[in-house]
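Participant: Have a look at this one.
The values are calculated or read from the model by the stated rules, or taken from the named source; none is laboratory data. Please read all numbers here as calculations on a predicted model, not as lab measurements. Ideal geometry is used to build each Cβ from the backbone, glycine not excepted, and the neighbour counts take in all protein chains shown. Keep in mind that these areas ignore ligands, DNA and RNA; they rest on the heavy atoms of the full protein, side chains included. Shrake-Rupley method; radii C 1.70, N 1.55, O 1.52, S 1.80 Å.
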Amino acid sequence: MMDQEKIKAGVRLLLEGMGEDVNREGLIETPDRIARMYTEIFGGMYEDAGHHLSKRFHVDNNEMVLEKDITFYSTCEHHMLPFYGKAHIAYIPNGTVVGLSKIARTVEVFAKRLQLQEQLTAQIADAFMEHLEPQGVMVMVEAEHMCMTMRGIKKPGSKTVTVVTRGVFENDTTLQNRFFQMVR
């Protein structure tokens, strides 16, 4: 689990490095606040996505299931700044489906880690393939990155889009196009 005392000490050092007085009224409790916040926003580091995808329901119909516009918040591992957006996940069942809330919970597990968007997209798809064992899965993530908005190039509103296909989606452009039409 997270070492709260190390996080607090690190925040104090960071504030001192910036030239701040860690004993001034507004900053006295900041190290503790950040340590508690990190436990919440990086809680996915200690979660297994398989847990959420383990409760399944039998179905006779193996048509595409799509959950779109799943809002997520994550943190870029390069600058430790947030990126946020929407995830869209479709899968073709192989006799079983998972509860709809579990799809969003799977996104959260991976979003609540230091992350790269490209990696996030692949991790979601791979978790579905491993734990739900569908015929295929397609994941699209659209996100705005604060490292591009508030620093560096400073281009607010620009979005990065990543797409991963697995199983029957990999070479079936008809399924891929159907996914894109449903997402839009």
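Participant: Going through segment 82-109 one residue at a time, which ones are open to solvent by less than 80 Å² (accessible area, probe 1.4 Å) and more than 14 Å from the chain's Cα centre (by Cα)?
Facilitator: Of everything in segment 82-109, those that are open to solvent by less than 80 Å² (accessible area, probe 1.4 Å) and more than 14 Å from the chain's Cα centre (by Cα) turn out to be ALA90, TYR91, ILE92, PRO93, GLY95, THR96, VAL97, VAL98, GLY99, SER101.
Participant: If you don't mind, there's one more thing I want to ask. Quick check on my filter: what residues within segment 46-55 are assigned to a helix (DSSP H, G or I) and surrounded by fewer than 13 Cβ atoms within 10 Å (Cβ to Cβ)?
Facilitator: TYR46
Participant: Taking segment 124-155 only, how many residues are without any contact (Cβ under 8 Å) to a residue 24 or more places away in the chain and either surrounded by 15 or more Cβ atoms within 10 Å (Cβ to Cβ) or under 16 Å from GLY85 (Cα atoms) (or both)?
Facilitator: Residues meeting the conditions: 3.
Participant: Could I ask something else about it? Name every residue in segment 156-182 that is surrounded by 11 or more Cβ atoms within 10 Å (Cβ to Cβ) and farther than 16 Å from LYS86 by Cα, in order of residue number.
Facilitator: Selection gives THR165, ARG166, GLY167, VAL168, PHE169, GLU170, ASP172, LEU175, GLN176, ARG178.
Participant: Just to be sure before I move on: is THR71 closer than 18 Å to TYR46 by Cα, in a strand (DSSP E or B) and not aliphatic (A, V, I, L, M) in the structure I sent?
Facilitator: no
Participant: Looking at the structure I just gave you, is GLY26 part of a helix (DSSP H, G or I) and farther than 25 Å from GLU133 by Cβ? Walk me through it before giving the result.
Facilitator: Details: part of a helix (DSSP H, G or I): yes; farther than 25 Å from GLU133 by Cβ: yes.
Criteria met by GLY26.
Participant: Evaluate segment 61-79: report whether one residue or more is out of contact with any helix residue (DSSP H, G or I) (no Cβ under 9 Å at 6 or more places or on another chain) and over 20 Å from MET138 (Cα atoms).
Facilitator: No, there is no match, as no residue in segment 61-79 is out of contact with any helix residue (DSSP H, G or I) (no Cβ under 9 Å at 6 or more places or on another chain) and over 20 Å from MET138 (Cα atoms).
Participant: Enumerate the pairs (first residue in segment 67-81 and touching a residue at least 12 places away in the same chain (Cβ under 8 Å) and of a type in the set (A, V, I, L, M); second residue anywhere and surrounded by 15 or more Cβ atoms within 10 Å (Cβ to Cβ) and assigned to a strand (DSSP E or B)) with beta-carbon separation below 6 Å, excluding pairs fewer than 6 apart on the same chain, so at least 6 apart or on different chains.
Facilitator: Taking only residues 6 or more apart or on different chains, the pairs are ILE70/ALA87.
Participant: Anything in segment 57-78 that is within 22 Å of the chain's Cα centre (by Cα), open to solvent by 50 Å² or more (accessible area, probe 1.4 Å) and either over 15 Å from THR121 (Cβ atoms) or among the aromatic types (Phe, Trp, Tyr) (or both)? List them, or say none.
Facilitator: Selection gives ASP69, THR71, TYR73, HIS78.
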